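Here's the structure, in structure tokens; my notes come after.
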Amino acid sequence: MADQATTAPADVDSTRAKSANLFEVVLGYIGELAILLGQTVTALVQGRVNSRDLIQQMAFLGVHSVSIALLTSFASGAVIALYFSQFLNTYGVGSLVGAVVSLAISRELAPVLTGVVVAARAGSAIAAEIGTMKVTEQIDALRALAVSPIEYLVVPRVLASLIMLPAVCALADAAGIVGGYMVAVYMEGIPAATFPSSILQFLEPSDFYLGMVKTVVFGLIIALVGCHQGLRTRGGATEVGQATTNSVVLSIVLIYLSNFFLAAMMFTKSSGI
């Protein structure tokens with residue numbers, strides 16, 4: 001009994017210490033991202049943007065990610081239409097399928113899927129590229145030439161993400177609605193005219209552009225996390241791989257967390273849902 005009484009407080013202290021260490025790590029990571037964001041904003045305000053690098057990053061982050069974003073959004077819209085066509089027809093309100101599909105796509109699925117797709121495809125590449133430059137001392141060489149790594153590497157990627165993710169999201173919106181239309185009309189027998197009419201009746205333009213505003217935040221997260229993981233890489237090839245993995249995991253987690261708060265601020269008050 002005495003041994004149990006003495007070990008129990010020790011276990012409690014150990015748990016508290018681990019919780020405190022985790023809290024410090026999280027705060028430290030947020031602080032590092034905030035510092036990187038401040039340095040990036042400073043460089044942007046000063047107009048230090050290489051237009052050639054910016055265009056290259058816009059093509060890499062946006063244009064090259066369009067196909068997979070369209071495919072995932074199209075399939076998601078089709079699945080939602082498949083489920084809700086059957087459900088709504090059961091209660092005699094099948095005419096609302098178009099509104100349900102477009103609402104889910106424009107507010108949530110297209111922005112989130114776009115963010116996840118770009119994080120998995122481009123965010124990992126950003127971390128791997130900058131991490132490789134770090135471990136091979138190319139970034140030290142930039143500093144020796146009086147070239148800021150923030151201006152040369154981070155700024156074009158952040159700005160390209162902010163510009164291109166809303167554009168990709170707009171295309172994903174269209175693909176998701178088309179996928180829902182094809183399934184609802186050609187598989188579930190929803191009248192072709194009621195699908196677009198319900199969209200016009202129940203959806204507001206804000207449902208689409210606020211969804212695209214979400215992707216601005218997601219793009220900032222993807223670029224900052226990828227660049228930060230690359231810049232903090234130490235060691236060799238193993239650490240580069242770890243930085244790449246961390247970039248994808250952290251970006252996706254932060255996208256989902258921020259999506260909740262963005263949805264709460266943008267939609268619940270205005271629509272009452």
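Just one of the numbered conditions (1) open to solvent by 80 Å² or more (accessible area, probe 1.4 Å); (2) closer than 16 Å to Arg232 by Cα; (3) at pLDDT 90 or above is not true of Ala34: (1). Per the listing Ser106, Ser85, Ser124, Ser161, the residue uniquely closer than 24 Å to Ser73 by Cα and more than 18 Å from the chain's Cα centre (by Cα) is Ser85. Looking at the stretch 243-254, can you tell me whether even one residue there is exposed (fewer than 14 other Cβ atoms within 10 Å of the Cβ) and farther than 23 Å from Thr114 by Cβ? No: the stretch 243-254 contains no residue that is exposed (fewer than 14 other Cβ atoms within 10 Å of the Cβ) and farther than 23 Å from Thr114 by Cβ.
Go through the stretch 20-63 residue by residue and tally those that are free of Cβ contacts under 8 Å to residues at least 24 places away in the same chain and part of a helix (DSSP H, G or I).
Residues of the stretch 20-63 free of Cβ contacts under 8 Å to residues at least 24 places away in the same chain: 20-31, 34-35, 38, 41-42, 45-47, 51-52, 55, 59.
Right, trim to part of a helix (DSSP H, G or I) and you get 20-31, 34-35, 38, 41-42, 45, 51-52, 55, 59.
Adding up the residues that qualify gives 22.
Considering (1) open to solvent by less than 50 Å² (accessible area, probe 1.4 Å); (2) without any contact (Cβ under 8 Å) to a residue 40 or more places away in the chain; (3) over 30 Å from Leu96 (Cβ atoms), the lone condition that Ala264 does not fulfil carries the number (3).
Conditions tested, residue by residue: (1) among the small types (Gly, Ala, Ser); (2) in contact (Cβ under 8 Å) with a residue 24 or more places away in the chain; (3) open to solvent by less than 10 Å² (accessible area, probe 1.4 Å); (4) farther than 30 Å from Leu142 by Cβ.
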residue	(1), (2), (3), (4)
Pro191	no, yes, no, yes
Ser197	yes, yes, no, yes
Phe202	no, yes, no, yes
Gly211	yes, yes, yes, yes
Lys214	no, yes, yes, yes
Gly219	yes, yes, yes, no
Gly226	yes, yes, yes, no
Leu231	no, yes, no, no
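For the stretch 59-74, the condition holds for at least one residue, the condition being that it is more than 13 Å from Arg121 (Cβ to Cβ), open to solvent by 50 Å² or more (accessible area, probe 1.4 Å), at pLDDT 90 or above and touching a Gly at 6+ places or on another chain (Cβ under 7 Å).
The values are calculated or read from the model by the stated rules, or taken from the named source; none is laboratory data. All values derive from a computational prediction rather than experimental measurement. Ideal geometry is used to build each Cβ from the backbone, glycine not excepted, and the neighbour counts take in all protein chains shown. Surface accessibility is based on the protein's heavy atoms, side chains included, excluding ligands, DNA and RNA. Shrake-Rupley method; radii C 1.70, N 1.55, O 1.52, S 1.80 Å.
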